[in-house]
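The values are calculated or read from the model by the stated rules, or taken from the named source; none is laboratory data. Just so it is clear, the structure is predicted and the values come from calculations on it, not from any experiment. Neighbour counts run over all protein chains shown; Cβ positions are idealised from the backbone, glycine included.
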Amino acid sequence: MLTLALAGKPNCGKSTFFKAATMANAEIANYPFTTINPNFGVGYVRTKCACTDLKTRCTHCVDGNRFVAVNLIDVAGLVPDAHKGKGLGNQFLDHLRQADAILHIIDASGGTDSEGNPVGVGNHDPTDDVKFLGFEMTMWVYGILDKHWTRINRQSQGKGAAIQQSIAETFTGLGITTDDVRDVELKLKLDLVHATMEDLVPLCAEIVKISKPMLIVGNKFDEVPEALRARLAAEKVFFASAASELALRNAAAANVIAYLPGDEEFRIANEGTLTPAQKAGLAKISAVMKQCKGTGVQQAINRAVFELLDRIVVYPVEDENHYCNKQGDMLPDAFLMKKGSTPRDLAFQVHTDIGKGFLYAVDARSKMRIKENHLLKNGDIIKIVSAAK
């Protein structure tokens with residue numbers, strides 16, 4: 001599964017976001033470093049199910065909405081100079097290594113300082129937090145490169161291609177390739193053979209952008225002073241209210257409201273059973289949702305997966321006529337695939353042996369055989385024919 005990491009300074013609402021997205025247990029409190037060890041859970045991206053275009057509905061969606069699982073990690077709070085060991089240290093930057101993309105959660109209300117201490121709404125400029133995580137990660141990567149730079153230079157013997165390969169090998173764990181390093185060198189007009197350590201900081205910044213695409217999520221939208229919203233929007237901040245989402249999830253679980261994550265509104269099941277305080281709370285959440293077109297939590301996850309990571313949803317089946325597996329289960333699986341993926345890629349995603357034995361694929365909608373280099377589209381239903389049993 002894809003993995004998204006929730007990162008940011010302490011007390012910005014990461015754990016609330018995590019709990020709202022996963023309904024997993026996570027300690028939430030109004031003080032820094034509530035989270036020390038990372039929390040792991042499962043969230044979901046929401047998409048229109050392929051069955052909505054067919055004559056019958058499958059049993060794996062909710063009212064035509066398919067929820068596809070992704071891993072979520074709630075990383076302990078990072079403070080300025082974490083890469084130097086400040087706060088809880090840079091060991092938590094290492095937890096980001098396994099993430100495919102990062103949701104950088106900031107306290108958009110300006111109610112916490114740079115180290116996560118409560119200072120009152122509007123008393124800290126949240127625009128200062130926007131570039132903080134990218135800088136910390138850049139300097140973390142720079143520290144790794146600095147440690148290996150002497151060896152890289154010695155082994156490369158002044159050859160540019162060898163330096164590119166050595167840098168890529170140093171960052172294999174981040175998914176960086178030699179082509180990536182070469183492209184960055186050209187983009188920045190660097191000469192790696194004669195580069196100083198100072199020249200390598202922009203290189204490290206680009207490595208972070210390639211390996212860990214990031215969406216900045218301005219949490220606590222319901223508390224953001226109006227004057228701040230335009231400034232944060234100019235910084236391409238995506239707004240959310242994790243507390244509102246968590247309240248809705250709990251209310252829906254108690255059958256107080258009808259709500260699906262990602263909906264732009266909710267419906268009260270029986271208004272007569274609500275207390276005045278509950279009515280007021282739901283009214284406040286409804287007002288937030290009108291401004292944000294939802295709470296922003298599900299929307300942020302969707303945006304990270306479908307835009308930052310460029311994924312599509314593809315449905316593998318064994319029976320192209322009934323869109324099901326051998327047991328008759330319709331559209332049992334939904335896989336998140338990179339745009340540009342082929343039927344052979346899908347076969348390997350289903351199982352390594354099926355990929356190795358791949359023969360051909362069938363588009364279940366058209367019933368036509370498709371080439372192994374055919375580019376899959378979002379919502380495709382594909383039968384894989386393989387020599388593997």
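Conditions: (1) over 24 Å from the mean Cα position of the chain (by Cα); (2) over 27 Å from residue 105 (Cα atoms); (3) of a type outside the set (Val, Ile, Thr). Residue 180 meets all but one. Number of the miss?
Here residue 180 clears every test but (1).
What about residue 366, is it in a helix (DSSP H, G or I), among the polar types (S, T, N, Q) and more than 30 Å from residue 209 (Cβ to Cβ)?
Judged against the criteria, residue 366 is not a match.
Tell me whether the range 220-227 contains one or more residues that are over 23 Å from the mean Cα position of the chain (by Cα), in contact (Cβ under 8 Å) with a residue 24 or more places away in the chain and in a helix (DSSP H, G or I).
yes
Only one of 163, 144 is β-branched (Val, Ile, Thr) and crowded, with 19+ Cβ neighbours inside 10 Å. Can you tell me which? Walk me through it before giving the result.
Numbers: 144 fails: crowded, with 19+ Cβ neighbours inside 10 Å.
The conditions single out 163.
Out of all the residues in the range 228-244, which are within 19 Å of residue 128 (Cα to Cα) and either part of a helix (DSSP H, G or I) or β-branched (Val, Ile, Thr) (or both)?
In the first step, residues of the range 228-244 are kept if they are within 19 Å of residue 128 (Cα to Cα); the result is 228-240.
Matches in the range 228-244: 228, 229, 230, 231, 232, 233, 234, 237.
Sort through 101, 108 and tell me the only one that's small (Gly, Ala, Ser) and touching a Phe, Trp or Tyr at 6+ places or on another chain (Cβ under 8 Å).
When all the criteria are applied, what remains is 108.
Which ones in the range 119-141 are acidic (Asp, Glu) and either surrounded by fewer than 18 Cβ atoms within 10 Å (Cβ to Cβ) or in a loop (DSSP other than H, G, I, E, B) (or both)?
Residues of the range 119-141 acidic (Asp, Glu): 125, 128-129, 136.
Within the range 119-141, 125, 128 qualify.
Can you go through 331, 274, 282 and tell me which one is surrounded by 14 or more Cβ atoms within 10 Å (Cβ to Cβ), over 23 Å from the mean Cα position of the chain (by Cα) and at pLDDT below 95?
None of the others qualify; the one that does is 274.
Looking at (1) over 18 Å from residue 60 (Cβ atoms); (2) surrounded by 18 or more Cβ atoms within 10 Å (Cβ to Cβ); (3) in the same structural domain as residue 363 (by TED's automatic domain parsing), find the lone condition where residue 247 falls short.
Going through the list (1) over 18 Å from residue 60 (Cβ atoms); (2) surrounded by 18 or more Cβ atoms within 10 Å (Cβ to Cβ); (3) in the same structural domain as residue 363 (by TED's automatic domain parsing), residue 247 breaks only (3).
Which condition does residue 380 not pass, out of (1) surrounded by 15 or more Cβ atoms within 10 Å (Cβ to Cβ); (2) within 26 Å of residue 22 (Cα to Cα), if it passes all the others?
Just one mismatch for residue 380, condition (2).
Quick check on this structure: which one of 86, 9 is modelled with pLDDT under 90, basic (Lys, Arg), surrounded by fewer than 20 Cβ atoms within 10 Å (Cβ to Cβ) and not in a helix (DSSP H, G or I)?
Checking each option against the conditions leaves just 86.
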